[in-house]
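Participant: Before anything else, here's the structure in question.
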Amino acid sequence: MTQSIAALRDIESRIELAAKGAGRDPASVTLVAVSKTYDEAAILPVIGAGQRVFGENRVQEAKTKWPPLKGRYPDLELHLIGPLQSNKTKEAVELFDAIHTIDRPKIAQAIAHEMATQGRQLQLYVQVNTGEEAQKAGIAPRETEAFLKYCRDDLRLAIAGLMCIPPVDEEAALHFGLLAKLAGENQLQGLSMGMSGDFETAIALGATHVRVGSAIFGVRG
Ligand SMILES: *Cc1c(COP(=O)(O)O)cnc(C)c1O
């Protein structure tokens, strides 16, 4: 068995345990296997092992890797988990099934426009900058409600949930808890939070999508 397949099985069982430990249905947690920097040869065994939801952080990289794979495996779901530039929105809406990183009005407008033009409906998440870090993308926690209202009322966008990337030097649980609180206050079900090092904590705090890369594919070079 390839190493990544064993790692995938391990992550799957840890997700199941974490969900059960939190009194949740394991099926309520979707594993997004983050394949950024890894090529088709590394991804194929993981698809072969049954994984169908993948995450990429760059539109350009995803465009070179995924169209042939999506052709061969039509049930693949591709999630954009990295920042989106507005001049890449058309390509992103063509290729991806979900976008986790709506972080400003201009991007929300561009996505709404492209989805209407292409007749495509993507799962959409608003990224919240829970740590209010200057270098990090995302809506400030206190502006989340107004931004969601803008997406819903002005753009008619259906937002599935919220996403965050906690500051590296802080307790992730505080940020997951804040994201869950904001989602609850805004009647949102989806919570995209948790990575290789902290997905079990995220599941305990309600994550519906965990984004796990290096724990499956190996540490990126
Ligand atoms: C790379 C990345 C991940 C996966 O990180 P790992 O630590 O490799 O699991 C998750 N979310 C985002 C936004 C990423 O860019």
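Quick note: the coordinates plus some simple rules give every number you see, no bench work behind them. No experiment lies behind these values; they were computed from the predicted model shown. Cβ placement follows ideal geometry from the backbone for every residue including glycine, while neighbour counts extend to all protein chains displayed.
Participant: Can you list the HN-Hα couplings for the stretch 3-15, worked out from phi with the Karplus curve (6.51, -1.76, 1.60; θ = phi - 60°), rounded to whole Hz and with x for Gly and Pro?
Facilitator: With coefficients 6.51, -1.76 and 1.60, one gets 4, 5, 6, 4, 5, 4, 4, 5, 5, 4, 6, 5, 5 Hz.
Participant: May I pose another question? Could you calculate the FRET efficiency of LYS90 with ALA158 from 1/(1 + (r/R0)^6), where r is the beta carbon distance between them and R0 is 22 Å, rounded to 0.05?
Facilitator: 0.65
Participant: Excluding PRO166 itself, calculate the net charge of residues whose Cβ lies under 15 Å from the Cβ of PRO166, where each Lys or Arg counts +1 and each Asp or Glu counts -1.
Facilitator: -4
Participant: Using Cβ contacts closer than 10 Å as the measure, can you line up ARG142, ARG52 from fewest to most?
Facilitator: Ranked by crowding around the Cβ, least crowded first: ARG142, ARG52.
Participant: Ok, one more. Taking each pair of different alpha-carbon atoms in the chain once, compute 1/r for the pair, average those values, and report the inverse of that mean as the Kirkwood hydrodynamic radius in Å to one decimal.
Facilitator: 17.6
Participant: Pop a pseudo-label 7 angstrom from the Cα along the beta-carbon direction at both GLU145 and ASP25 and give the gap in nm to one decimal.
Facilitator: 3.1
Participant: Label points 7 Å out from Cα along the Cβ direction at ARG9 and LYS63: separation in nm?
Facilitator: 3.9
Participant: Give the order of SER13, SER196 when sorted by the count of other beta carbons within 10 angstrom, beginning with the fewest.
Facilitator: Lowest to highest Cβ neighbour count: SER13, SER196.
Participant: Suppose every Lys and Arg Cβ carries +1 and every Asp and Glu Cβ carries -1, with no other charges. What dipole size does the chain come out with about its Cα centre, to the nearest 20 debye?
Facilitator: With only Lys, Arg, Asp and Glu charged at Cβ, the dipole is about 480 debye.
Participant: Which value in nm describes the separation of the simple spin-label points at GLN189 and HIS113, placed 7 Å from the Cα toward the beta carbon?
Facilitator: According to this spin-label approximation, the distance is 3.1 nm.
Participant: Residue by residue through the stretch 123-134, which ³J(HN,Hα) values in whole Hz follow from phi under the Karplus form 6.51 cos²θ - 1.76 cosθ + 1.60 (θ = phi - 60°), with glycine and proline marked x?
Facilitator: Couplings: 6, 10, 10, 9, 7, 10, 7, 4, x, 6, 7, 4 Hz.
Participant: May I pose another question? Dipole size in debye (nearest 20) for the stretch 13-76 around its Cα centre, Lys and Arg Cβ +1, Asp and Glu Cβ -1?
Facilitator: 80
Participant: Right, next: Could you pull out every residue, at least 5 positions away or on a different chain, whose amide H is within less than 5 Å of the one on GLU77? Hs are placed 1.01 Å off N in the peptide plane, and Pro or chain starts have none.
Facilitator: Amide H neighbours of GLU77, under 5 Å, 5+ apart: VAL53, PHE54.
Participant: Right, something else. About the Cα centre, and with charges only on the beta carbon of Lys, Arg (+1) and Asp, Glu (-1), how big is the dipole of the stretch 111-172? Nearest 20 debye, please.
Facilitator: Roughly 420 debye for the stretch 111-172.
Participant: Residue-wise, which Karplus ³J(HN,Hα) couplings in Hz belong to the stretch 38-51, taking 6.51 cos²θ - 1.76 cosθ + 1.60, θ = phi - 60°, and x for glycine or proline?
Facilitator: Values per residue, Gly and Pro as x: 9, 8, 4, 4, 7, 7, 4, x, 6, 5, x, 7, x, 5 Hz.
Participant: Could the peptides 177-190, 100-113 be put in order, highest first, of the mean number of other beta-carbon atoms found within 10 Å of their residues?
Facilitator: Final packing ranking: 100-113, 177-190.
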